[in-house]
Amino acid sequence: MFGPSRAQQMPAMLEPLNALLSKQEWLTGAAFSVSDVAVGAYLSYTKKFFADTSYKKWPKVEAYMARIEARPHFAATIGSE
């Protein structure tokens, strides 16, 4: 009746992101961009709305989120954990 659970969907979404971030610091390369704002906000809100969400299986994604959360404007608008 319902589609795949969030836990089942996460590997399909985060494994490609983790692979990309193993080659470069930000989504579009060496520079922070609006793409990082969008994806960072989405990943941040996912953790806020679903407390059991963890990115530990995807260490590059976890490090990416730490870099985003350390940005002063991100902390001022979205906040960090």
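Observations
- Residue check for A12: at pLDDT below 95 and at negative phi: yes
- Residue count for region 43-68 satisfying the condition of being acidic (D, E) and either at positive phi or surrounded by fewer than 16 Cβ atoms within 10 Å (Cβ to Cβ) (or both): 1.
A quick yes/no check of all residues on (1) of a type in the set (F, W, Y); (2) closer than 20 Å to A30 by Cβ:
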position	(1), (2)
F50	yes, no
Y55	yes, no
K60	no, yes
Y64	yes, yes
R67	no, yes
A75	no, no
I78	no, no
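- Taking every residue in region 17-33 that is among the aliphatic types (A, V, I, L, M) and pairing it with any residue that is modelled with pLDDT under 95 and surrounded by 13 or more Cβ atoms within 10 Å (Cβ to Cβ), at least 6 positions away or on another chain, yields no pair with a Cβ-Cβ distance below 8 Å.
One line per residue, one yes/no per condition, for (1) more than 9 Å from the chain's Cα centre (by Cα); (2) among the aromatic types (F, W, Y):
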| site | (1), (2) |
| --- | --- |
| E15 | yes, no |
| L21 | yes, no |
| Q24 | yes, no |
| A31 | yes, no |
| S35 | yes, no |
| G40 | no, no |
| A51 | yes, no |
| W58 | yes, yes |
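- Within region 15-34, the set of residues being among the aliphatic types (A, V, I, L, M), closer than 17 Å to R71 by Cα and buried (at least 17 other Cβ atoms within 10 Å of the Cβ) comprises L27 only.
- Inter-residue pairs, beta-carbon under 7 Å, first outside any loop (DSSP other than H, G, I, E, B) and in region 54-80, second hydrophobic (A, V, I, L, M, F, W, C) and loosely packed, with under 15 Cβ neighbours inside 10 Å, 6+ apart: E69/A75
The values are calculated or read from the model by the stated rules, or taken from the named source; none is laboratory data. Everything quoted here is computed from the prediction, not taken from an experiment. Here Cβ is always computed from backbone atoms with ideal geometry, including for glycine, and neighbour counts include all displayed protein chains.
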